[in-house]
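First up is the structure itself, then whatever we jot down about it.
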Amino acid sequence: MKKVLLTVLSAAFVLTACGGNSQTANSGAPAEKISGVPDGVQGGKKVAVIRNLPSDDHTKQFLDGARSEGESFGFKVDTFIADNDDAKFQELVAQAIQKDYDGLIISHGKKDYSYDMLKPAIDKKMKVVTFDTVIEKDGKNLPEITTTAQDDHKLAELSLNEVAALSKDGQPVRVIKLWFGPGVPPLDRRQEIYADFEKNNKIKTLEVIGPTNMQDIQGDIAAKVSAILAKYPAGTVDAIWGSWDEMSKGAFKALKDNNRTDIKLVSIDVSNQDINLMREDGSVWISTAAVDPKLIGLVDMRLLAKKLAGEETPATFDLEARLIKKDQLKPETNMTTLKDVIEGWGTSDVFNESWMQTLRTNFAKK
């Protein structure tokens, strides 16, 4: 029975992989060592990227950044999505640790299990980088792991300054808040800044709405916001603040369906869908604060490559936040061309070592 169960779990792991068929640029280890490249990244390393969120735009771009950067180094990169199912996520990680991966990039692990989940990887001498994951148990962490995050405090500050700017006669802005937690690290950090804005009487929270259906967040939030709007006549709500853009898209639909042009929408995170909705005629979605999700995956892969190479990496790293306003967007603006209207968007040389460019050049020729 145990043998059958292990076979089923192994098959499930393979079938769940997104990009599990991806190949290194040279389809295996290079024939000879590459001059000027550390031994630890020679030979086509294998990396698993496992994310505990639904397959939304942000997730797809994050995975694409990690995959494209890893493959440019000659790595074989497999990606997996757990759809915010903690049990599934932990099983995927456990299976990856049992396989022959050299390194792991782990996204959105919860505090109550991440230490125990990742300790076996460290015991096995695997290299690990995490994103939006809190690793702590009984006051201990795993110092071998580099934890990365968006600068969530800055994301919240940038977006909430936009909300506060809607104040009339110095009165606190009346807000419907889209948030869920506690226990979701990035949203918990954003909540810290939100609480400061409340304390300083810049905003007044009328309602807090969060999803219960993680398989249809947009539809879930759209229905809940529509129901709430009936309680609030025109002129009694100033703004909706979305701590995550997947919820904001649902709120936008509710506002549009109910013809509520009196309420502005401000969010965090960005995608092509967000940009299109912000750019619609008469759109109430006025701004969003974000980090390029593809860049997050790319930077995480560079950090993992440095670990594989035996180089020093920081214990933590936060990626810089940017504000995107509706009036900055052009008809042709999308996630690829956002850099043309937002200075510094999507580009960074952080952790980009010269030997990484040697690898890119080498595998680009294959």
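The values are calculated or read from the model by the stated rules, or taken from the named source; none is laboratory data. Being a predicted model, the structure only gives us computed values, none of them experimental. Note that each Cβ is placed from the backbone with ideal geometry, even for glycine, and that neighbours are counted across all protein chains shown.
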ask   = Does segment 56-72 include one or more residues that are within 22 Å of the chain's Cα centre (by Cα), part of a loop (DSSP other than H, G, I, E, B) and either at pLDDT 95 or above or surrounded by 16 or more Cβ atoms within 10 Å (Cβ to Cβ) (or both)?
value = yes
task = Kindly indicate which of Lys137, Lys124, Lys99 is more than 23 Å from Ile193 (Cβ to Cβ), of a type outside the set (Phe, Trp, Tyr) and in contact with a Phe, Trp or Tyr (Cβ under 6 Å, 6 or more places away or on another chain).
result = Lys137
query = What is the one condition in (1) more than 19 Å from Pro186 (Cβ to Cβ); (2) in a helix (DSSP H, G or I); (3) of a type in the set (S, T, N, Q) that Ser248 does not satisfy?
reply = (1)
Within segment 177-196, tally of residues that are out of contact with any helix residue (DSSP H, G or I) (no Cβ under 6 Å at 6 or more places or on another chain) and over 16 Å from Glu157 (Cβ atoms) = 4
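Taking the conditions exactly as written (within 24 Å of Arg260 (Cα to Cα) and more than 22 Å from the chain's Cα centre (by Cα)), does Ala223 satisfy them or not? Talk me through it step by step, then tell me what you get.
Numbers: within 24 Å of Arg260 (Cα to Cα): yes; more than 22 Å from the chain's Cα centre (by Cα): yes.
Yes.
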ask   = Being of a type in the set (S, T, N, Q), at pLDDT below 95 and surrounded by fewer than 19 Cβ atoms within 10 Å (Cβ to Cβ), is that true of even one residue in segment 81-93?
value = yes
inquiry  = I need a count of the residues in segment 141-170 that are modelled with pLDDT of 95 or more, of a type outside the set (Asp, Glu) and over 22 Å from Ile50 (Cβ atoms).
reply    = 13
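Wholly within segment 256-323, which strands (runs of 3 or more DSSP E) include no fewer than the required count, namely at least 2 residues that are of a type in the set (Asp, Glu) and under 15 Å from the mean Cα position of the chain (by Cα)?
Numbers: elements: 264-268, 285-290, 316-319.
The strands (runs of 3 or more DSSP E) meeting that bar number zero.
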ask   = What is the one condition in (1) free of Cβ contacts under 8 Å to residues at least 60 places away in the same chain; (2) in contact with a helix residue (DSSP H, G or I) (Cβ under 7 Å, 6 or more places away or on another chain) that Ala230 does not satisfy?
value = (2)
Matching entry among Lys199, Lys204, Lys264 (being without any contact (Cβ under 8 Å) to a residue 12 or more places away in the chain and out of contact with any helix residue (DSSP H, G or I) (no Cβ under 7 Å at 6 or more places or on another chain)) = Lys199
note = Counting only residues that are in contact with a Pro (Cβ under 9 Å, 6 or more places away or on another chain), surrounded by 16 or more Cβ atoms within 10 Å (Cβ to Cβ) and not in a loop (DSSP other than H, G, I, E, B), segment 94-119 contains a total of 2
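Just one of Asp220, Asp238 is of a type outside the set (Lys, Arg), touching a strand residue (DSSP E or B) at 6+ places or on another chain (Cβ under 6 Å) and either surrounded by fewer than 19 Cβ atoms within 10 Å (Cβ to Cβ) or modelled with pLDDT of 95 or more (or both); which is it? Reasoning before the result, please.
Values: Asp220 fails: touching a strand residue (DSSP E or B) at 6+ places or on another chain (Cβ under 6 Å).
The match here is Asp238.
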note = Subset of segment 183-229, residues of a type in the set (S, T, N, Q) and either assigned to a loop (DSSP other than H, G, I, E, B) or touching a Pro at 6+ places or on another chain (Cβ under 7 Å) (or both), comes to Asn200, Asn201, Thr212, Asn213, Gln215
